[in-house]
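Participant: Structure below; questions to follow.
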2 protein chains.
Amino acid sequence: MSDQTQAPAVRPSKGERTRARILASAAELFAASGFHAVSLRDIAAHVGLTHAGLLHHFPGKESLLIEVLSHRDREDAKVLFRVDPEDSPQEFLRLIVGVVHRNMRTPGLVSLYAKISTEAVDPAHPAHTYFVRRYALLRGQLTAAFTALAARTDPRPDYDPELTAQMLLAVMDGLQTQWLLAPATVDMHAAVVAFCARIGLDFSDAPPLPDHRSDPEPSPTSIMSAEAET
Amino acid sequence: MSDQTQAPAVRPSKGERTRARILASAAELFAASGFHAVSLRDIAAHVGLTHAGLLHHFPGKESLLIEVLSHRDREDAKVLFRVDPEDSPQEFLRLIVGVVHRNMRTPGLVSLYAKISTEAVDPAHPAHTYFVRRYALLRGQLTAAFTALAARTDPRPDYDPELTAQMLLAVMDGLQTQWLLAPATVDMHAAVVAFCARIGLDFSDAPPLPDHRSDPEPSPTSIMSAEAET
DNA sequence: CACGAAACTAACCACGTGGTAGGTTTTACC
DNA sequence: GGTAAAACCTACCACGTGGTTAGTTTCGTG
């Protein structure tokens, strides 16, 4: 059971290590410039491979994008879905706000979702289905949290849980673009906390979430992972 | 001074008419798929020209994009800037909400700004400077409106005008992407009105703005037009 | 160390892209 | 109607793109 006996058994193969580097580079470059403006050769050069080498690991550009997104979702799921929004709505919302605070330390991650989600509005985009589902899921979770919270609040608050869920998601998304365009002017976290204050939630002391320091193996039961059908 | 003496003198030339069709097609296609995923040949075919014919009217793809954006700004400016945010803050905010309501009838226009603004986060993007300025201007105007509104409200409201401006812009922007991805589920207008209710503004009866039915000549004093320096 | 599989490269392919240049057609004006 | 300019087209250019194929190098295991 010592670390020595475990480390050699789980050492990633050369291919797995290269795949991880490809995913990291693709995430970074897609985040910077979007899917269409980044070529396979760009990503491959960033990794230190040829584009044909990259295509040995991933069957094509579109499946690479889906894998980048799914990979990041599994990371988020570990944080967000350890709390049930109906059982602990306040804690769930606190985690959501914590995600915003953490995101301010990872502009690349913010940019990835901001950039690709708007591209994915186009039904022909490889990640279109992925984002339709992702937003539906998040709205559902947040609506459940606000509904549960309202049921526990006396006097009962006068907000519509579904509209409020849409608003909170919108504030978070909308602030990303503004922040990316003017990071010195726009304070994402303060604005989200201020929004929550508007609906009666005090998260002014919400602690930050842990950084993305490690990328452990993907969880086999990924809730947020959308397997693309393309 | 009769209409008959004016109409022949101001009839657009063939070139002007073609330019207008190019701008409309470019706006539509950029809105659908973004700058990078649309080629000049796509736009030209949509107009019914060759791409070389298109390039007779616009010196290049990048300047075409800037012109599309500036053109739409002049249209918005006519609506938004007929009211001074400091003199009539409530009326100004009412117009902002009216813009959202109107936008629900023009998915293409919504998509254009949503799509290109996130692309433009990339400093190498042709519209980067344009959007940095646009957001700064809008934040300034909204901050001025909320500041003036707070000064006229007794007891003084407890919101920070600058954060609130960021939040309102964020809600409007963030709702666009959600709406474009799930138009049957997300009600942009209701969510924005609900947000305003959260800060003490009742716009539940805000009237819609006029449609984009006509495209009159550009105003010579366009406030929101950002002349690109590229 | 040997060997098969994985990882990776070089070269190729067909196609698409923004832009250029010269020629043809259309427009606008006198 | 004549003419010059504007509008538009055809053909070309160099380059970039995602993907394929065959060969070479590296890895992992016995």
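The values are calculated or read from the model by the stated rules, or taken from the named source; none is laboratory data. Small disclaimer: the values here were computed from a predicted structure and weren't measured. With ideal geometry, Cβ positions are generated from the backbone for all residues, glycine too; neighbour counts draw on all protein chains shown. For accessibility, only protein heavy atoms count, side chains too; no ligands or nucleic acids. Shrake-Rupley method; radii C 1.70, N 1.55, O 1.52, S 1.80 Å.
Participant: Can you confirm whether B:T50 is open to solvent by less than 60 Å² (accessible area, probe 1.4 Å), near DNA strand D (Cβ under 8 Å from one of its atoms) and β-branched (V, I, T)? Spell out the reasoning first.
Facilitator: Numbers: open to solvent by less than 60 Å² (accessible area, probe 1.4 Å): no; near DNA strand D (Cβ under 8 Å from one of its atoms): yes; β-branched (V, I, T): yes.
It is false that B:T50 is open to solvent by less than 60 Å² (accessible area, probe 1.4 Å), near DNA strand D (Cβ under 8 Å from one of its atoms) and β-branched (V, I, T).
Listed here are the residues, each with its yes/no results for (1) more than 16 Å from DNA strand C (Cβ to nearest atom); (2) away from chain B (no Cβ under 14 Å); (3) buried (at least 20 other Cβ atoms within 10 Å of the Cβ).
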position: A:S13; (1), (2), (3): no, yes, no
position: A:V38; (1), (2), (3): no, no, yes
position: A:H57; (1), (2), (3): no, yes, no
position: A:S63; (1), (2), (3): no, yes, no
position: A:V83; (1), (2), (3): yes, yes, no
position: A:Q90; (1), (2), (3): yes, yes, no
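Participant: I want to confirm something. Restricting to the stretch A:16-36 and keeping residues that are within 28 Å of A:T177 (Cβ to Cβ) and away from chain B (no Cβ under 14 Å), which single residue is nearest to DNA strand D (Cβ to nearest atom)?
Facilitator: As a first pass, look at the stretch A:16-36 and keep what is within 28 Å of A:T177 (Cβ to Cβ): A:22-36.
When the remaining residues are screened for being away from chain B (no Cβ under 14 Å), the result is A:22-27.
Details: A:I22: 13, A:L23: 16, A:A24: 18, A:S25: 13, A:A26: 11, A:A27: 15 Å.
Checked the stretch A:16-36; the qualifying residue nearest to DNA strand D (Cβ to nearest atom) is A:A26.
Participant: Just one of the numbered conditions (1) assigned to a helix (DSSP H, G or I); (2) open to solvent by 20 Å² or more (accessible area, probe 1.4 Å); (3) in contact with a Ser or Thr (Cβ under 9 Å, 6 or more places away or on another chain) is not true of A:I43; which one?
Facilitator: (2)
Participant: Based on this model, can you work out whether B:S33 counts as at pLDDT below 95 and open to solvent by less than 60 Å² (accessible area, probe 1.4 Å)? Spell out how you get there, then give the answer.
Facilitator: Details: at pLDDT below 95: yes; open to solvent by less than 60 Å² (accessible area, probe 1.4 Å): yes.
Yes, satisfied.
Participant: Looking only at the stretch A:152-195, which residues are open to solvent by less than 30 Å² (accessible area, probe 1.4 Å) and either in contact with a strand residue (DSSP E or B) (Cβ under 6 Å, 6 or more places away or on another chain) or of a type in the set (S, T, N, Q) (or both)?
Facilitator: Matches in the stretch A:152-195: A:T164, A:Q166, A:Q176, A:T177, A:Q178.
Participant: Another question, then. So the check is Cβ under 6 Å with 6+ separation or different chains; which pairs have a first residue in the stretch B:34-53 that's in contact (Cβ under 8 Å) with a residue 24 or more places away in the chain and a second one that's more than 6 Å from DNA strand C (Cβ to nearest atom) and of a type in the set (V, I, T)?
Facilitator: Every condition considered, the pairs that remain are B:V47/B:I22.
Participant: At the interface with chain A (Cβ under 8 Å from one of its Cβ atoms), farther than 24 Å from B:P89 by Cα and free of Cβ contacts under 8 Å to residues at least 40 places away in the same chain: is that true of B:A114 in this structure? Give the steps one after another, and end with the answer.
Facilitator: Numbers: at the interface with chain A (Cβ under 8 Å from one of its Cβ atoms): yes; farther than 24 Å from B:P89 by Cα: yes; free of Cβ contacts under 8 Å to residues at least 40 places away in the same chain: no.
Answer is no for this residue.
Participant: Here's a follow-up. Please determine whether any residue of the stretch A:123-134 is among the small types (G, A, S) and either surrounded by fewer than 18 Cβ atoms within 10 Å (Cβ to Cβ) or more than 9 Å from every other protein chain (Cβ to nearest Cβ) (or both).
Facilitator: Quick first cut of the stretch A:123-134, residues among the small types (G, A, S) only: A:124, A:127.
In the following step, the residues that additionally are either surrounded by fewer than 18 Cβ atoms within 10 Å (Cβ to Cβ) or more than 9 Å from every other protein chain (Cβ to nearest Cβ) (or both) were identified as A:124, A:127.
Within the stretch A:123-134, one or more residues are among the small types (G, A, S) and either surrounded by fewer than 18 Cβ atoms within 10 Å (Cβ to Cβ) or more than 9 Å from every other protein chain (Cβ to nearest Cβ) (or both).
Participant: Turning to a different aspect of this structure: Specify the residue that is nearest to B:Q141 (Cα to Cα); the eligible residues are those in the stretch B:53-90 that are within 14 Å of DNA strand D (Cβ to nearest atom) and either among the basic types (K, R) or part of a helix (DSSP H, G or I) (or both).
Facilitator: B:L64
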